[in-house]
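Student: The structure that follows is given in the form of structure tokens.
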Amino acid sequence: MRTTNRPPTRILVTAVLALGLASGLTGCAGGGATDPDSTTAAAGLGAQWGSCMRSAGFDVQDPSDDQVRSGSVVAPQSIDQEEFGTAADSCATELGVQRADSAAKEQWRREYDQVASCVRDAYSDFPEQRPGTLSFDEATYPPADDPEFQQLVDECLQRYSPDTKTQDAG
């Protein structure tokens, strides 16, 4: 399921692995520890995470609360993924979001490898992916703009990683 209703111009699905795996978003606000429940109730987890990331120097939109909780917030391709992951982890910890365990991380790696293989069955030139991620757009992989390709990705995700939520990153 996409998180937006507009036609996707770029799909970027990133497992928690790419962002430090189901981050524990902490320490961006700069103050002492706060009660995560009271803070979250006031502004919403996604809004707080977005504010924290903007304070850390990243121009991001507020994700959904579910994206923050699952650690599936998408890092823009044009930025340093490691720096983004570190900031995301810091913000997660501050907000009290727990990291995924190694078993969950390994499950995501396997699922996304299966999804990439499924896509490669129909698109043999589909590029190799970083472990635990699916990342492509029409600028780096022109077939990504084809609705048939996008439908195939959705079908492969549903088959091999049904809990994954995709979003339009463009």
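Please treat every number below as a calculation from the coordinates, not as lab data. The model shown is predicted, which means the values in this text are computed figures rather than measured ones. Counting neighbours? That spans all protein chains shown, and the Cβs are built from the backbone with ideal geometry, glycine included.
Student: Taking θ = phi - 60°, what integer Hz values does the Karplus form 6.51 cos²θ - 1.76 cosθ + 1.60 yield along the range 100-114, in sequence order, with x for Gly and Pro?
Tutor: 6, 7, 5, 5, 5, 4, 5, 4, 4, 4, 4, 4, 5, 5, 5
Student: Here is a follow-up. Could you go through the range 45-53 in sequence order and give the Karplus-derived ³J(HN,Hα) for each residue, using 6.51 cos²θ - 1.76 cosθ + 1.60 with θ = phi - 60°, rounded to whole Hz, and x for Gly and Pro?
Tutor: Taking θ as phi minus 60°, the curve returns 4, x, 5, 5, 4, x, 4, 4, 5 Hz for the range 45-53.
Student: Quote the convex hull volume per residue of the range 119-165, based on C-alpha atoms, as a whole number of Å³.
Tutor: Working: hull volume 3.8 nm³, N = 47.
Given the Cα convex hull of the range 119-165, per-residue volume reads 82 Å³.
Student: Compute the distance from the alpha-carbon center of the range 140-156 to that of the range 87-105, in whole Å.
Tutor: Result: 30 Å between the Cα centres.
Student: Continuing with the same structure: Once the other residues with Cβ under 14 Å from the Cβ of E82 are scored (Lys, Arg +1; Asp, Glu -1), what is the net sum?
Tutor: Once all neighbours under 14 Å are counted, the net charge is -2.
Student: Then there is this: When the Karplus curve 6.51 cos²θ - 1.76 cosθ + 1.60 is applied with θ = phi - 60°, which whole-Hz ³J(HN,Hα) does each residue of the range 58-72 get, with x for Gly and Pro?
Tutor: Each residue's phi maps through the Karplus curve to give 9, 7, 10, 8, 5, x, 6, 4, 4, 5, 5, 4, 7, x, 9 Hz.
Student: If a/c stays under 1.5 just call it rounded; otherwise compare a/b with b/c (prolate if a/b is bigger, oblate if not). Do that for the range 51-147, with a ≥ b ≥ c from the square roots of the Cα gyration tensor eigenvalues. Write down the numbers at each step before the final one.
Tutor: Numbers: a/c = 2.54, a/b = 1.52, b/c = 1.66.
Taking the square roots of the gyration eigenvalues as a ≥ b ≥ c, the range 51-147 is oblate.
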